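**Student:** Can you keep this structure in mind? I'll have questions shortly.
FYI, it's all coordinate maths here, none of it is from the lab. On a predicted model such as this, the values are computed, not experimentally measured, just so you know. FYI the Cβ positions are ideal-geometry reconstructions off the backbone, even for glycines, and counts take in every protein chain you see.
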Amino acid sequence: MTQEIPGTLLLDPQVIDDPYPFYRRLHAEAPVWEVPGTGVFTVSTFELVAEAVGRVGDFSSNMTSLLYRDDAGLPARFSFGDAGGQVLATADPPLHAIHRGAVFPELVAKRMRELEPVIIDLADGLVTTALNDGTVEFMAAIGNIVPMTMISRLTGFRDSNLDDLWNSAVNGTRMLGSTLSFDELIEIATSGDTVRAWITDQLSAALKDPGEDLLGAVARSVIDDVMSEQEGMIILTTLLSAGGETTTSLLGNAVRILADNPELQEHLRQNPDQIPTFAEEALRLESPFRYLMRSVPKDTTLGSAAIPAGSTVLLLWGAANRDAAEFERPDEIDLGRRIPRRHVAFGRGIHTCVGAPLARLEARIVLGVLLQRTTNITLEPQHRPSWVTSLLVRRHHELPVRLQVH
Ligand code: HEM
C-alpha cells in the first residue's frame with residue numbers, strides 16, 4: 001500500500017526549489033490529489049489537465065480565493081467568493097470572449113512582427129553592456145528588462161517607470177504564490193499600489209484620445225460600452241503581471257539550461273533555426289507558470305476523484321509537462337519532438353495565453369543574440385543561482401553567469 005502523500009510537501013521550500021520528484025509521485029499515486037483536509041486539489045497529469053481546461057462549467061476560472069501557507073505548512077484558503085469579479089483571465093463564458101476579443105487583435109503574430117526590430121535593438125544593447133562586464137547577473141542585466149520594456153511599449157504606456165511596473169507586477173504574482181503567511185498576504189492585498197493609480201490615469205488619458213495600441217483598444221472597448229472602465233483597468237494590470245514576469249522566467253530558465261549544457265549551446269550556435277524549438281523545450285521543462293487555479297461551482301469528478309463544490313483546483317502545468325505518459329523521456333531536452341508546442345506551458349483551451357506570440361518572439365531574439373555573440377555561457381562558480389520561492393512562478397531570483405567571447 002502506498003503511504004498518504006504528506007500535505008506539507010506542496011509548499012515545502014525544498015520541493016518548490018526542485019518540484020520534479022514530487023510531481024512524479026503525484027503522477028504515479030494521485031493524478032488528482034486533495035491536499036489532506038484542505039479542500040485544495042492538484043491535477044498533475046497531462047491528460048487530466050487537458051480535460052479540466054475543456055470543462056469550463058465544472059472548473060471555473062472565477063477566482064474565489066487566494067492561498068497562503070498556514071502555521072502547519074499547509075495551503076489554506078483566504079476566500080472572498082464572487083467579490084474578485086470576473087475579468088478576462090478570471091472570467092467564464094460568455095463574458096470571457098468579450099474581454100478576450102478586446103485585446104486579442106493587438107497580440108496576434110502579425111502585430112508582433114512589427115515589434116521585432118525594437119526587440120533586436122534592445123537585446124543587442126543589453127548584451128553589449130553585459131559582454132563588457134563579462135560576469136553578469138542575467139536576470140537584472142537582461143532577463144527582467146526585455147519583457148517589461150516590451151509589454152509597456154506594446155500597451156502604449158507613456159513615460160513608464162520600469163522599476164515601478166516590475167515591482168507592481170511581482171506583487172501581483174506574489175499574491176498567487178501561495179507561500180506567504182496570512183498576514184503577509186493581507187498586507188500585500190491591501191497595500192496601496194501607486195502603479196494602479198498611474199494605470200488608471202493612463203486609461204483616462206486614452207479614453208479622451210485612444211491610440212493604435214493596446215491601451216487604445218481597451219479604451220475603445222470602454223467607450224463602446226463593451227466593458228467598464230474598472231474592467232479595462234484590471235485587464236491592463238493583468239497584461240502587465242501575466243506578460244512581464246512569465247517571459248522573464250522563460251528567458252532565465254532557458255539561459256540556465258544552456259549554461260548547464262555547453263554541447264546544446266554549441267549545437268544551437270551552429271543551428272540557430274532550432275532556437276524556437278529549444279524555447280518550447282525550455283517552456284515544457286521549466287514552465288514559468290507552474291499552476292493556475294480553478295474553482296468548482298458544483299460537485300464533480302475528474303479521473304477517479306470526487307471533487308466537491310467549493311473546492312479549489314490547481315492545474316499543475318509544470319507537472320503535466322513532465323508527464324511520462326505524454327512525453328517520452330520527459331526530463332530531457334529533445335529538439336526532435338514531433339510536436340514541440342504540445343506542452344501546456346501557455347495553458348490550453350479558451351484561456352490559452354494571448355501573449356504567447358510575444359513571449360516566443362522575445363525568447364527567439366534574446367537567446368539568438370546571446371548565443372551568436374558569445375562562445376560559451378557558464379554559471380558563475382562563486383554565486384549559485386537561486387529560485388523565487390513561489391508555487392506560481394518558476395523564475396530565477398538570481399542567475400549569475402559568465403559570458404565568454406573567445
Ligand atoms: C513565457 C511567457 C508566458 C507564459 C508561460 C504564460 C502562461 C500563461 C498561461 C499558462 C495562461 C493560461 C491561464 C489559464 O488557463 O488560467 C496564460 C494566459 C494569459 N496570458 Fe500568458 N504567459 C506568458 C506570456 C504572456 C504575455 C507576454 C502576455 C501579454 C502580452 C500574457 C498575457 C496573458 C493573458 C491576458 C492571459 C489570459 C487569457 C485568457 O484568459 O483568455 N502572457 N498565460
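**Student:** With r as the distance between the Cβ atoms of GLU266 and ASP71 and R0 = 60 Å, compute the FRET efficiency 1/(1 + (r/R0)^6) and round to 0.05. Mind dumping the intermediate values first?
**Tutor:** Values: r = 50 Å, r/R0 = 0.83.
Rounded to the nearest 0.05, the efficiency is 0.75.
**Student:** If you don't mind, there's one more thing I want to ask. What is the set of long-range amide H partners of GLU398 at a cut-off below 5 Å, with H atoms built 1.01 Å from backbone N?
**Tutor:** Answer set, sorted by chain and number: SER386.
**Student:** Could you list SER304, SER295 so that the one with the fewest beta carbons within 10 Å of its beta carbon is first and the one with the most is last? Each step should come with its number before you reach the end.
**Tutor:** On the way: SER304 8, SER295 21.
Listing SER304, SER295 from fewest to most nearby Cβ atoms yields SER304, SER295.
**Student:** Now for a separate question. Using modelled backbone amide H atoms (1.01 Å from N, in-plane), which distant-in-sequence or interchain residues come within less than 5 Å of VAL393's amide H?
**Tutor:** Under 5 Å from the amide H of VAL393 lie the amide H atoms of ARG290, each far enough along the sequence or on another chain.
**Student:** Could you check the spin-label model distance between TYR20 and THR194? Points 7 Å from the Cα along Cα→Cβ, value in nm.
**Tutor:** About 4.2 nm, to one decimal.
**Student:** Modelling each spin label as a point 7 Å along the Cα-to-Cβ direction, I'd like the THR135/THR389 distance in nm, to one decimal.
**Tutor:** Each label point lies 7 Å from its Cα, and together they span 2.7 nm.
**Student:** Once both labels are modelled 7 Å past Cα along the beta-carbon direction, what's the SER304-GLU187 spacing in nm?
**Tutor:** 4.5
**Student:** Here is a follow-up. Using the per-residue mean of other Cβ atoms lying within 10 Å as a proxy for protection, in what order, highest first, do the peptides 392-404, 245-257, 106-118, 131-143 fall?
**Tutor:** On the way: 392-404: 20.8, 245-257: 25.7, 106-118: 14.0, 131-143: 17.8.
In descending order of packing, they fall as 245-257, 392-404, 131-143, 106-118.
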